[in-house]
Each structure stands twice: as C-alpha cells, then as structure tokens.
Amino acid sequence: MVEIDIEKENKAIAQEYKELLRISYQTLSTEDKKLIRKAFDVAVEAHQDQRRKSGEAYIFHPIAVAKIVASEIGLGPTSIAAALLHDVVEDTEITVQDIEKLFNPKVAQLVEGLTKISQVKKDMNISMQAENFRKMLLTLNDDVRVIIIKLADRLHNMQTMESMADYKQIKIASETLYIYAPLAHRLGLYNIKTQLEDLGLKYTEPIVYNDIVSKIKETKEEQDAYIKNISDVLRKSLDEEGIEYIIKGRPKSIYSIRRKMAAQNVTFDEVYDKFALRIVYKSNPHDEKFLAWKIYSIVTDHYRPSPSRLRDWISSPKSTGYEALHITVMGPLGRWVEIQVRSERMDEIAEKGYAAHYKYKQGANEESSLDTWLNLLKEALENAETNAVDFVEDFKMNLYAKEIYVFTPKGEIKSLPKGATSLDFAFSIHSEIGVKTRGTRVNGKLVPLNHELKSGDQIEIITSPNQKPTANWLDYVTTARAKNKIRNVLNENTKKIAEDGKEVLARKLKHLKITFNETVVNELVYYLNLKTSLDLFYRVGIGTVDNQQLKDFAAQKSNTFFNFFKNKIKRSNPNPEFIHKDEITSNYDLLVFGAEQDKLDYKLSNCCNPIPGDPVFGFVTINEGIKVHKKDCPNAISMQSNYAYRIMQAKWIDSSQQEFKAILEITGMDSIGLTNELTRVISNNMHVNIQSISLSGEAGIFNGKLAVIVPNNTVLKKMIENIKKIDGVDRVTRVYKN
C-alpha cells in the first residue's frame, strides 16, 4: 500500500489554490477572492476522506477543474466557486440549500445544474444515454456556464483516465467525441475542443494516436526549421511597416490529422498542411480590419495564395464569434501553409470563447453571436416529442456543422450549417414561411426545395397559403429547427386525415351492419396487422383500406370459429406474434436507405435485433455489406463516434402507404376545354401529385401522357375512372415504361 505524506499533500493543495488565483483570466476583487476561498474551504472539508482511483486526494480534481474554468476558459469568481463545489452535493452530505445559505443563489443554481447532469450519467443503455444528453443540453436554457464547467470537468477526467478500466476509458472517450467536443467547438472553446478530440482519439484508437504522435516528434526539427524560414521572411516586411505583432507556429491537432488521413485515404506524410503560422497583431478597434488586410498584402507579396482557400471571418464572423483571416499560401519546397491573421482581441475570443465575448461586448443592447445561437438552441430544445436519439443526432449535426453565409433578397446576410438546403433557409427566416413554401429561387433561378446552398447564394422564397409540408420534406432539410416544425405540422395533418377517416369508417361499417365501437376498431386493427387505431383511421382517410378488405373482415367476424380463435389468442397474448414476421415484412414493411430512399441489400444485426418499425440506421461493414442496427443499440455511440463516415440513414416505410409513380396514356377526340377538364379532374383527386404532363393534338385526335405520384392503387383506379368519364376521352391506359 502506498504511504501518503499528509503534510506534503496539504502543502501541494495550498500551492494549487494560490496558483488558481494567480492564473485567473479575470481581475479578482477582494470580495471575489473571499468567495473563492470560502468555496475552497468547504470543498476541502467535504472531500477530506475521499481519494481518486490513482490514490491522490479527491480535492485535486475540483481544483484542477476550477483552474481550467479560471484560466483556459476565463470565467469569473461565481463559476470558479461552482467548479470547486461541483461534486460536493453528489458525493457528500451537503445539499443545494446549504450552498445557497453559505454562498448565494447563483452559485447554488450552477452546482445544482452540474449535480443534475452527474446524477443522470449512469452506465445505462444508449437510449438512456441519449436521454441523458438531452437533459444535459436542456441546462443550456438555465445557464450556459453549467455546460462550460461540465466541459472543464470532462477535460480533467480525460486527462486523468490512465488508472481506469479499458472499457470505461473507451466509453468515456466515445461520449467525449460524440457530444462534448462538438459542444466545445460550438461555444468557441477551440483549445478545449482540440484537447478533448486528441484525448478521445488516444483511448478510442490508441495505435493510430501513438503512431501520429511519434511521427510528429520525428518531423518536429524539420517542421520548426521550415516555419522559421517563412517567419524570418515575413518578420522583415512586417517590421518595415511598423506593425506590432507576434508570430507563432501552430501544429495541426492529432485528431484533425487523423480525420484528414481517413477522409482523403492518405498516409501521415501525404497530409501537407500539418502546421500553420499565426500572426497576432496589436491594434485599436478602428484599425483592426485595415491592418488585417495590410498583413494579407505583405504575406501575398512573398508567397502565392490559393484564392479558393481564403477564409474571411473578419467581414463575416462565424456564429461562434470567431474572427480571423485564413490565407493558404504556397510555401518553400512546394508545400501549402495556412497563415492565420488575428488581432489580440480576435485571438482572445478564439482562445476563450464565451468569456472573451463579454469582456469585449460593445454596449448592453448588442446581442453577441453566442446569445443568438442560444436562442436558436432553445427552439431546438423545446420540441420534447422527438425521439431522444434523433434529437441528439440532429443537435450534434447542428453543433459541428461548418457554416455557409447566404443572402436574403434584400441583401441581409444569414449563416446556416454547411449542407443546408433552400427549404432550411425558408424555415430559418420564420417557421410560418417554411411551412408555406411552394418554391425557392437561388440567384434568380428556380431550384428544388432540397437544393444545397453555397456561400454567397441569394435566396428568394415563394410561398402559398394553400401549401402544406409532406413527409418527403423531412428528407429535404438538415437543420433541427426545420425538422421539428415539419414533424409538428405532419402530426397535425395525420390527425386531421385520421379524423375524416374515422367518420368514413363508421359509415362503411354501418353499411355492413357492424356496430362501430372500440372493440370492433381493435379487432380491425388486429385483422389488418396494424399498430394503432390512428393507423387504421389514417389509412381509411387516404383510401388504403378498401371496401373488399372491410367485406372480408365482416365475413370473418360473422364466423363463430374466428371469434373463438381470436379471443383465445387475445387472452393468452395481447401482442400476437403467431403471424409470421416475414409475411408482415413483405406485405407492409420496407427498409430504405439514404435521402433517396434506395432499396439495398442488408442484414439485421444480432446485437440489437431490429424489427420493422424500429428507428434504425445502416452501418457499412468491411466484409458483410450493410448491417442494420437500432438507433438505441448499445454499440451505436461508439459507431457514431468512431465511424461516422460509415453510417447510413435508414428507415422503415410502410409499403402499403408508399407513394409511387404511375404513367398514363390518354387518347380521345380533341375539343376546346379538354385540357382544363383533364387537369381539374386530376387535381380534384386528393393525394395525387402531377409530376409531368404532355398533351398534343393532330387533325382532331388528342394524345396525352401523364406522370402522377399516388399513395396506392385504389387512388389510381378511382382517378382513371374519373378521367374516362370526361367527354371526348376514348382510352386511358397505364404504361410501365417511361
């Protein structure tokens, strides 16, 4: 057993406390220091009998978290005190009420938020984990500092994981890559994000991590000499212009080198931009922009720039508040080098994110980009109906997405995640505009609703009061805001169609002399292999359940043997499974992949045994093709964290509801008004969309070709019957080739 020198340990604890005050980013008043001292004393006493797995006194952990909060993130005394106390309520007898009495309501609120996060994070299955992440993200509504302190806590845990069991290391590291690193990125905490990603890689792919680390060490001398060569050339010109600056070399993070190697399928030596130069200059607010472009001019006098890789985040800062000029130039020996140009203020915001925003915020009315982002976030968080895994997926995508900058017709600039579509843009203006979107123009040209936007595009939205979202719209958008709104409207529409279907069903059953009541509805749901009465009413509403099925049901219902058999089954098993699964699957359920809903070969995975109707995703394996997993599969997080590029969107669709294309040829005698009558009849058929129509007439004979999208054969047959009734129409035939 290791002997512990208590006196030496106490000295080390006191030393850590002094260091905490010394490195604080914000200037601390006497009152601030008193608050921090009190929090320190309470934490030391509360944790005095606790030790970490490594054997050291537990108090070193809260102090380390407070140091990250104070210096690397730069928060003030309230947050430093909350960081010191963050484990007290969870691990000791002290309550949130005690903290409120000892300190103040704000410190108590932060500690309570941090305790809530800790309490939900137990070793649960993945859907619980997603639910925990959702709860954690909801604390953003209360105070963003809760999440920031949690990030500091997670960073210190990642830095001190050596003594943990392997499986715990992998779980915590996957979780870190899955949600904590993207959160740090979105809050502008780039230093924290980089450390979290590198440490995440260290435990999820240790061989790859160690290989990259050793190669970076091997090439360090050569890299340093290369950077010095460029720096010396630039220094001479910058000094001549009288600019005050510092130049520092910045190696690319281990994680980003790994990501580039994987994405481009290249070796370490083939990753060319493994390092960057950063020029940080002194400037007053008035000259900041002017000096940035002056430095750009000096850099490009010496080295040829790549125009396609110039990033101007000074004129249009990122929504995280990040400002800088990134220039990629061709350096000596034919190597691309990224040069980042930032003022001291911009550099501080890039390093400290949230805290620096408030230090430099101009006037009380100016809303920082962080506040704007938090407001958008609240919208995404407010939709509690979404499945937790989908919620976290959507949220994560919006966290990590690169940004594009687009314009409204009036020239106002808007920022959207990379990959956003013209329909996403409509919802970003206002959800009511999104819902009524009939078409979109990009740079004056009419484009589909799923048209992917690029930076610099100018978008105009065409709305119609009669427009309603369809289920396909969910595949046309990428932002959480748009998806949530579309889902809400679709749910309302489904209910409306179901209400109409309920009335129709009551009429039809009355005609068949069957009493319409709850028992009959349940029997019919069971008979048609459906899940709920809402499913039944909705299908009747859109015409999927036809009269013949209802007649067959009535005939079987009158059969006493059927009743006896059915009741026996119902009593013994409320969820009958005697119907063969493959039979249901072939008749009703179809698995499709990607935004295009492709039908591909797949295997169902054994680890979670998905069944038709489960939320699922496809995973592209090396030897076994596509394996389908449930979204709440125990392996999902590690797949999402480590092999995101192999994940395929997948969903079950009801093949009896699936929309399909039908092509009709129509011939007849040409007459005035025939075209109008034809389009009127088709548009009067609900649930039919005309995809294309071509009509021609010659010497009194009329020929037409019509492509329509219909939900099922019943609707198509009704429409064909109605077309045949038009005066002058001779034949209507369905063709099976375009």
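Coordinate-derived values only; no laboratory data. Keep in mind that what you see is a predicted model, and the values were worked out from it rather than measured. In this analysis, Cβ positions are derived from the backbone assuming ideal geometry, glycine residues included, and neighbour counts consider all displayed protein chains.
Once the chain from E499 to E344 is taken as fully extended at 0.36 nm per residue, the excess over their C-alpha distance is 49.5 nm.
Given R₀ = 30 Å, what would the calculated FRET efficiency be for L490 paired with I690, taking r from the Cβ atoms and rounding to 0.05? Spell out each step's value before the answer.
Values: r = 22 Å, r/R0 = 0.73.
Computed FRET efficiency for L490 and I690 comes out at 0.85.
Residues with beta-carbon under 9 Å from that of Y209, excluding Y209: net charge, scoring Lys, Arg +1 and Asp, Glu -1?
On the way: positive: K202, R258; negative: D198, E205, D211.
Around Y209, the charge tally is -1.
Placing a label point 7 Å from the Cα of T219 along the Cα-to-Cβ direction, the residues of region 257-285 whose backbone N falls under 20 Å of that point are 257-278. Shape of region 497-536 from the C-alpha gyration tensor: oblate (a/c of 1.5 or more and a/b not above b/c, with a ≥ b ≥ c the square roots of its eigenvalues). Which whole-angstrom value gives the distance between the alpha carbon centres of region 287-332 and region 192-234? Between the Cα centre of region 287-332 and that of region 192-234, the gap is 23 Å. Full extension of the chain between I647 and K603 gives 14.4 nm of extra length, using 0.36 nm per residue less the Cα-Cα distance. Counted by Cβ distance under 12 Å from K724, the other residues give a net charge of +1, where Lys and Arg count +1 and Asp and Glu count -1. From the Kirkwood radius over Cα pairs of region 660-735, Stokes-Einstein at 25 °C and 0.890 mPa s returns a whole-number translational diffusion coefficient of 199 µm²/s. Each residue, S533 and E698, gets one label point 7 Å from its Cα in the Cβ direction; the gap between the two is 5.9 nm.
Cross-link reach is defined here as a Cα-Cα straight distance under 21 Å, omitting same-chain residues fewer than 8 places apart; for K33 the lysines meeting it are K11, K18, K67, K101, K106, K359.
Label-to-label distance, H302 versus K418, with points set 7 angstrom from Cα along the beta-carbon direction: 2.9 nm. Given their separation in residues at 0.36 nm each and the Cα-Cα distance between them, K8 and K661 gain 227.2 nm when the chain is fully extended. The mean sequence separation of alpha-carbon pairs under 8 Å and at least six residues apart, normalised by the residue count of region 395-488, gives a relative contact order of 32 percent.
Mind scanning K495/K705; K502/K603; K445/K468; K260/K352; K551/K603 and naming the pairs with a C-alpha gap bigger than 29 Å? Don't jump to the answer; show the numbers that get you there.
On the way: K495/K705 35 Å; K502/K603 38 Å; K445/K468 23 Å; K260/K352 26 Å; K551/K603 38 Å.
Pairs exceeding the cut-off: K495/K705; K502/K603; K551/K603.
Taking all Cα pairs closer than 8 Å and separated by 6 or more residues, the relative contact order of region 214-359 comes to 22 percent.
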